[in-house]
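Enquirer: The structure follows.
The values are calculated or read from the model by the stated rules, or taken from the named source; none is laboratory data. Predicted, not measured: the structure shown is a model, and the values here were computed from it. With ideal geometry, Cβ positions are generated from the backbone for all residues, glycine too; neighbour counts draw on all protein chains shown. Each accessible area value is taken on the protein alone, full model and side chains, heavy atoms only, with ligands, DNA and RNA left out. Shrake-Rupley method; radii C 1.70, N 1.55, O 1.52, S 1.80 Å.
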2 protein chains.
Amino acid sequence: MYRLLEPGPVVLLATARKGKANVMAMSWHMMIDFEPPLLACIVSNRNYSFEALRITKECTINIPTVALAAAVVGCGNTCGRTVDKFAAFGLTLRNASLVAAPLIDECYASLECRVVDTRLVTRYNLFVLQVVRAWHDPSVKQPRTIHHRGLGTFMVAGRELHLASRMR
Amino acid sequence: MYRLLEPGPVVLLATARKGKANVMAMSWHMMIDFEPPLLACIVSNRNYSFEALRITKECTINIPTVALAAAVVGCGNTCGRTVDKFAAFGLTLRNASLVAAPLIDECYASLECRVVDTRLVTRYNLFVLQVVRAWHDPSVKQPRTIHHRGLGTFMVAGRELHLASRMR
């Protein structure tokens, strides 16, 4: 699971509250631990998703490839308060197995997550999440993930390099 | 500054304690805020760097490109307790301006950091750092950073994509 997030891709964070799903683009996330699989992410309290995440304590993190770049930027440029981003950007919802937040079908990997620590939410908008289920398309070997360089510039994942590393 | 870290590169975290410098490879980091520039990182308490970071509350984060891949993996495969990694992997130390930890001259960007929040250190080895000074080589426009996919596999930063994003 950590192998999906470590390279630093832009991800789509989906929530559901009162039967209404929403999604946002997010680059500020990192792994915390392997076992149990924990990660941290920053969701600004200016984002519509903030309250849904804080209150429901559930989300999914979905990893797009460059094929979805326009949809990802669309999600980043709009607010779920007024826009149904799934309809607007052609994203297909699928039921998750353990959380109420939806999976995004077009993404090659998805992580179902529960919020497990909110101590740094007030100060930094930092949520600690536990991944309770992970999905990925095993046919995607070298995903062309996109990585935000800021101001509309993205780096697309390039070639792979193999080195004798002891790092997990 | 956030534009250096957001794409998720493997970085080299350098510390200095009792006049002895050390460096480790790190992939688990993220931005927290723009102003002041804050980031979070995980430094395992099994790493020799952990105590230096916890006690001195200072470090530098240095960003290598693929030209340094062998040195980065070397840093990840060895322990500063027994190895002078700078000598072993041909890394040149340079004095930082505001912290005692050294900069690594071969890296195209370096961030001088101070630990500003240790509330999640005991539980998760999670440090909150404030960047107090940032250096980068302006001639490097599209850095070929490396991104850890786990188990000795790295993704090398590929082409750039420009989209009309409102995201900072």
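Enquirer: Among the residues of region A:16-32, which ones are more than 15 Å from residue A:76 (Cα to Cα) and out of contact with any Phe, Trp or Tyr (no Cβ under 7 Å at 6 or more places or on another chain)? Show your work before the answer.
Expert: Of region A:16-32, the ones more than 15 Å from residue A:76 (Cα to Cα) are A:16-21, A:29-32.
Of everything in region A:16-32, those that are more than 15 Å from residue A:76 (Cα to Cα) and out of contact with any Phe, Trp or Tyr (no Cβ under 7 Å at 6 or more places or on another chain) turn out to be A:16, A:17, A:18, A:19, A:20, A:29.
Enquirer: Right, another one. Pick from B:120, B:93, B:126: which is touching a Leu at 6+ places or on another chain (Cβ under 9 Å) and either away from chain A (no Cβ under 14 Å) or open to solvent by 10 Å² or more (accessible area, probe 1.4 Å) (or both)?
Expert: Being touching a Leu at 6+ places or on another chain (Cβ under 9 Å) and either away from chain A (no Cβ under 14 Å) or open to solvent by 10 Å² or more (accessible area, probe 1.4 Å) (or both) holds for just one of B:120, B:93, B:126, which is B:93.
Enquirer: Considering only residues that are surrounded by fewer than 24 Cβ atoms within 10 Å (Cβ to Cβ) and under 16 Å from residue A:54 (Cβ atoms), which ones fall in region A:11-20?
Expert: First, pick out the residues of region A:11-20 that are surrounded by fewer than 24 Cβ atoms within 10 Å (Cβ to Cβ): A:16-20.
Once the filter is applied, which keeps residues that are surrounded by fewer than 24 Cβ atoms within 10 Å (Cβ to Cβ) and under 16 Å from residue A:54 (Cβ atoms), region A:11-20 yields A:16, A:17, A:18, A:20.
Enquirer: I'd like to verify a number: residues in region B:101-117 that are buried (at least 16 other Cβ atoms within 10 Å of the Cβ) and touching a residue at least 60 places away in the same chain (Cβ under 8 Å), how many?
Expert: Summing the residues that are buried (at least 16 other Cβ atoms within 10 Å of the Cβ) and touching a residue at least 60 places away in the same chain (Cβ under 8 Å) in region B:101-117 gives 9.
Enquirer: Moving to a separate point now. Among the residues of region B:129-158, write down those that are within 27 Å of residue B:102 (Cβ to Cβ), buried (at least 18 other Cβ atoms within 10 Å of the Cβ) and facing chain A (nearest Cβ under 7 Å).
Expert: Matches in region B:129-158: B:146, B:147, B:148, B:154, B:157.
Enquirer: Do the conditions hold for residue B:161, that is, is it crowded, with 16+ Cβ neighbours inside 10 Å and assigned to a strand (DSSP E or B)?
Expert: Values: crowded, with 16+ Cβ neighbours inside 10 Å: yes; assigned to a strand (DSSP E or B): yes.
Answer is yes for this residue.
Enquirer: A follow-up question, please. Can you pull out every residue in region A:45-72 that is within 18 Å of residue A:28 (Cβ to Cβ), within 14 Å of another protein chain (Cβ to nearest Cβ) and open to solvent by 10 Å² or more (accessible area, probe 1.4 Å)?
Expert: Selection gives A:45, A:46, A:47.
Enquirer: When the residues of region A:99-114 are narrowed to those that are of a type in the set (A, V, I, L, M) and in contact with a Leu (Cβ under 6 Å, 6 or more places away or on another chain), which ends up farthest from the other protein chains (Cβ to nearest Cβ)?
Expert: Within region A:99-114, the first condition is being of a type in the set (A, V, I, L, M), and the residues that meet it are A:99-101, A:103-104, A:109, A:111.
Adding the requirement that they be in contact with a Leu (Cβ under 6 Å, 6 or more places away or on another chain) leaves A:104, A:109.
Details: A:104: 18, A:109: 12 Å.
Here the residue is A:104.
Enquirer: Another question, then. Of all the residues that make up region B:1-18, how many are touching a residue at least 40 places away in the same chain (Cβ under 8 Å) and in a strand (DSSP E or B)?
Expert: 6
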